[in-house]
Amino acid sequence: MLGHDPRVRLRAAIDHINAHHTDARFCVISGDMVNRGAEDDYTALHTQLDRLSIPFLPMVGNHDNRALLRQFLPLPDTCMSRFVQYHVSTPEGLIVCLDTQKEGSDGGEFCRERRAWLTDVLEKAEGVPVYLFMHHPPHSLGLPMQDTGKMEEGAAFLDLVSKYECVKYMFIGHVHRPITGTVRGVPFATMRSVLYQAPAPRPDWDWESFSPGQEAPNLGVLTISGTSVTLQYEQFCSYQRGVRDQ
């Protein structure tokens, strides 16, 4: 993809986790598990992820096929029947993985049914800290090209989550850039990609002139201890690894 080999990069990420982070409770993979949403991609992905020494939580992104993801990858028992949306209890709080996919679109959505499910989860949390993971951002991030693909109904989503003091943090994928901030008083962080990175918004670029930035891939090491949350962006291989000779 655009001169980058996703399987080489994924193997490097898994090797790094297996070497340095076997003490982690699990690995959250925040969507776009594959690019084409094809069965052979999920077969290959399953083979790769079988090497991971810790459990993983797969999420759906705009490139995914929900039915195939369910067929090839494990999901918690709390998963919705229609959407790949679920929660996992931990001693430090509730991990909630959301489904923001809008079928046939690169942008996302969070429909009434998904909001109702999330409302029920937040109502039942009863003061337990909640950490939300999602693929599409619900708001603009100052990224002119990527902001066009944010979540539809994002304002309604933020209206919902900002009402609950139990929501402590939002972790977001999709944009291939590391950004942190707050929105409606809720902290958020986005990630670089395991595959290729989007360039910074300056100098200006558009999708016709798009070329991945020459930045190494990262994964995030998230530590939650009591009321303390720390996210470290960690490089797991060099930029050159998995990049075709130019």
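Which percent of the accessible heavy-atom area of region 22-165 goes to carbon and sulfur, probe 1.4 angstrom? Working shown, then result.
On the way: 3080 of 6530 Å².
Carbon plus sulfur share of accessible area: 47 percent.
In the neighborhood of Y239, defined by Cβ-to-Cβ distances under 11 Å, what is the net charge if each Lys or Arg adds +1 and each Asp or Glu adds -1?
Working: positive: R9, R241; negative: E215.
Result for the neighbourhood of Y239: +1.
Have a look at the DSSP beta bridges in region 21-170 and tell me what percent are antiparallel, nearest 5.
Looking only at bridges with both residues in region 21-170, the antiparallel portion is about 35 percent.
In the chain, the longest principal axis of the Cα atoms and the axis of helix 112-125 are about 60 degrees apart. Dipole magnitude for the chain: about 280 debye, using +1 per Lys or Arg Cβ and -1 per Asp or Glu Cβ, origin at the Cα centre. Compute a Gaussian network model of the chain, connecting alpha carbons closer than 10 Å, and tell me which residue from S140, S81, S30 fluctuates the most. Highest fluctuation among the options: S81. Close amide H partners of M59, meaning residues 5 or more places away or on another chain with modelled amide H under 5 Å apart, are I29, G31.
Could you do me a favour and compute the accessible area per residue for region 1-134, 1.4 Å probe, result in Å²?
46 Å²
Once you have a ≥ b ≥ c as the square roots of the Cα gyration tensor eigenvalues for the chain, tell me rounded if a/c is under 1.5, and otherwise prolate or oblate according to whether a/b is larger than b/c.
Numbers: a/c = 1.42, a/b = 1.25, b/c = 1.14.
Rounded shape, in that the Cα axes give a/c under 1.5.
Counting Lys and Arg as +1 and Asp and Glu as -1 over every other residue whose Cβ lies under 13 Å from the Cβ of G107, the net charge comes to -4.
The values are calculated or read from the model by the stated rules, or taken from the named source; none is laboratory data. Only a predicted model underlies this, so the values are computations on that prediction, with no experimental measurement involved. Using ideal geometry, Cβ is built from the backbone for each residue, glycine included, and neighbour counts are taken over all protein chains shown. Side chains included, ligands, DNA and RNA excluded: accessible areas come from the protein's heavy atoms. Shrake-Rupley method; radii C 1.70, N 1.55, O 1.52, S 1.80 Å.
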